[in-house]
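First up is the structure itself, then whatever we jot down about it.
The values are calculated or read from the model by the stated rules, or taken from the named source; none is laboratory data. These numbers were taken from a predicted model, which means no experiment stands behind them. With ideal geometry, Cβ positions are generated from the backbone for all residues, glycine too; neighbour counts draw on all protein chains shown.
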Number of protein chains: 2
Amino acid sequence: MNGEETLDESASRVLNSLTGLENIYLEQLKSFSELDREPTARIISISYYALISTDENIQINEKYSAKWFDLKQFPNLIFDHNKMVQNAVTRLRYRASTQPIGFELLPEKFTMKDLQSLYEAIFDEKYDKRNFISKINSMDILVKTEEKDMTSSRKGSFLYRFDKEKYHKKLSQGYLFKI
Amino acid sequence: MNGEETLDESASRVLNSLTGLENIYLEQLKSFSELDREPTARIISISYYALISTDENIQINEKYSAKWFDLKQFPNLIFDHNKMVQNAVTRLRYRASTQPIGFELLPEKFTMKDLQSLYEAIFDEKYDKRNFISKINSMDILVKTEEKDMTSSRKGSFLYRFDKEKYHKKLSQGYLFKI
DNA sequence: ACAAAAGTGTTTCCTATACACCCATGC
DNA sequence: GCATGGGTGTATAGGAAACACTTTTGT
């Protein structure tokens, strides 16, 4: 980090220089301070994770040779970076079960199927679509649009939007998000 | 922190110099890095919380003028330290609901009433004793001893121990602690 | 007409909660 | 014998999970 920014700002800046993205959900995870975690010097790292929507068009800056990996088949990382990833997955699952961060990861309009697939990916579990949809509907934080996504079926499936205002209103009335 | 220790070690050392205690449960919370969090210099702090059992006999080192406060009536703290305390309470509650850290805070042998009072303090809620006890019993991680605590009633109440081995065996079989 | 995904309700089970009386003992 | 805290069981309600068929439409 630089001397003139917070750690959160620093994380934002790094993500931006890597992807060009701005205003991305970032959450601080934890510090890693083992003496021998890197061989050349004593380095303390504070890890973060970001939620990057599937509809963002990203040009990864080649300078850092970063790459996307599927969680189920990602390579061994150097130093303690495997631990960092594991820690990030755990935190992501906790966060996703207590806050509607799922919507950070979808385009503004999405189908119920998209939403279900996303949560299935986050928790690495399969859900029954009837139960999933009625759970989501019971939360009453989505708005059904008139539009349909016609790309995945002949019948087409309705698109929904996350209603931030409604959600925050419910929050202030003591509502607890729980999935 | 010194240059030759991890942050966890540093937290242990600070706690030890404050209280003389060793082998205390400590968990790292998060970093605080706002530019103006302290007026005199740019300081980044990593907060921790500790679980200190009610049966520890503690001599607080007067050098640091530390004091114990009841959470329900603790004073305003300087800088961003109120935030730190709030963050610690939130984490403690999360941890206590997913891991049996309650037992870190009790003597080796304790009554069901002790345990219930402890969880009531952590979550600032009252529980029905029948429901509480049957929930604890259904976990099957306590051992009832033959001994009774005679200090709180004429009848006396049985003392229990937390069975770490049993708990870890259950964990390895996929058991999830949940209170 | 048929293939492919969307959409929709009901039943069952289990967990969480509410609730009240008897027991053992010291005084 | 009574006051005090300890100990115990059951009934009810609500949420989670299991489960299958009809609809739409492009080809």
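Quick notes
Matching residues to (1) modelled with pLDDT under 95; (2) farther than 15 Å from A:ALA50 by Cα; (3) within 15 Å of DNA strand D (Cβ to nearest atom); (4) surrounded by 14 or more Cβ atoms within 10 Å (Cβ to Cβ):
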{"position": "A:LEU106", "(1), (2), (3), (4)": "no, no, no, yes"}
{"position": "A:LYS109", "(1), (2), (3), (4)": "no, yes, no, yes"}
{"position": "A:ASP114", "(1), (2), (3), (4)": "no, yes, no, yes"}
{"position": "A:TYR119", "(1), (2), (3), (4)": "no, yes, yes, yes"}
{"position": "A:PHE123", "(1), (2), (3), (4)": "no, yes, yes, yes"}
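- Here B:LYS83 clears all of (1) within 15 Å of DNA strand C (Cβ to nearest atom); (2) within 14 Å of chain A (Cβ to nearest Cβ); (3) not polar (S, T, N, Q) except the condition numbered (1).
- One residue stands out in the range A:4-31 among those that are touching a helix residue (DSSP H, G or I) at 6+ places or on another chain (Cβ under 9 Å) and hydroxyl-bearing (Ser, Thr, Tyr): the one that is nearest to the other protein chains (Cβ to nearest Cβ), namely A:SER31.
Per-residue answers, yes or no, for (1) closer than 30 Å to B:GLY3 by Cα; (2) among the acidic types (Asp, Glu):
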residue: A:GLU5; (1), (2): yes, yes
residue: A:VAL14; (1), (2): yes, no
residue: A:GLY20; (1), (2): no, no
residue: A:LEU29; (1), (2): yes, no
residue: A:GLU34; (1), (2): yes, yes
residue: A:GLU38; (1), (2): yes, yes
residue: A:ILE44; (1), (2): yes, no
residue: A:SER47; (1), (2): yes, no
residue: A:ASP70; (1), (2): no, yes
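- Scanning the range A:41-68 for residues that are in a loop (DSSP other than H, G, I, E, B) and of a type in the set (Val, Ile, Thr) turns up A:ILE43, A:ILE44, A:ILE52, A:THR54, A:ILE58, A:ILE60.
- Screening the candidates B:MET1, B:MET112 for the property of being hydrophobic (A, V, I, L, M, F, W, C), touching a residue at least 12 places away in the same chain (Cβ under 8 Å) and either within 14 Å of chain A (Cβ to nearest Cβ) or over 30 Å from A:ALA41 (Cα atoms) (or both) yields one hit, B:MET112.
- Of the residues making up the range B:5-27, just one is of a type in the set (Gly, Ala, Ser) and within 11 Å of B:GLU56 (Cβ to Cβ), namely B:GLY20.
- Qualifying residue in the range B:81-95 (condition: free of Cβ contacts under 8 Å to residues at least 24 places away in the same chain, under 30 Å from B:LEU35 (Cα atoms) and more than 15 Å from the chain's Cα centre (by Cα)): yes
- A Cβ distance below 6 Å, combined with a sequence gap of six or more or placement on separate chains, defines the contacts here; from the range A:4-22, residues that are free of Cβ contacts under 8 Å to residues at least 24 places away in the same chain reach residues that are aliphatic (A, V, I, L, M) in the pairs A:SER10/A:MET1.
- Among the residues of the range B:32-52, those that are closer than 21 Å to A:GLU34 by Cβ, at the interface with chain A (Cβ under 8 Å from one of its Cβ atoms) and not hydroxyl-bearing (Ser, Thr, Tyr) comprise B:ILE44, B:ILE46.
- Hey, A:LYS164 under 27 Å from A:ASN57 (Cβ atoms), away from chain B (no Cβ under 14 Å), within 16 Å of DNA strand D (Cβ to nearest atom) and free of Cβ contacts under 8 Å to residues at least 24 places away in the same chain or not: no
- Residue in the range B:122-154 that is farthest from the other protein chains (Cβ to nearest Cβ), counting only those that are more than 11 Å from DNA strand C (Cβ to nearest atom) and among the hydroxyl-bearing types (Ser, Thr, Tyr): B:THR151
- Scanning the range B:1-31 for residues that are of a type in the set (Asp, Glu), part of a loop (DSSP other than H, G, I, E, B) and within 16 Å of the chain's Cα centre (by Cα) yields a count of 1.
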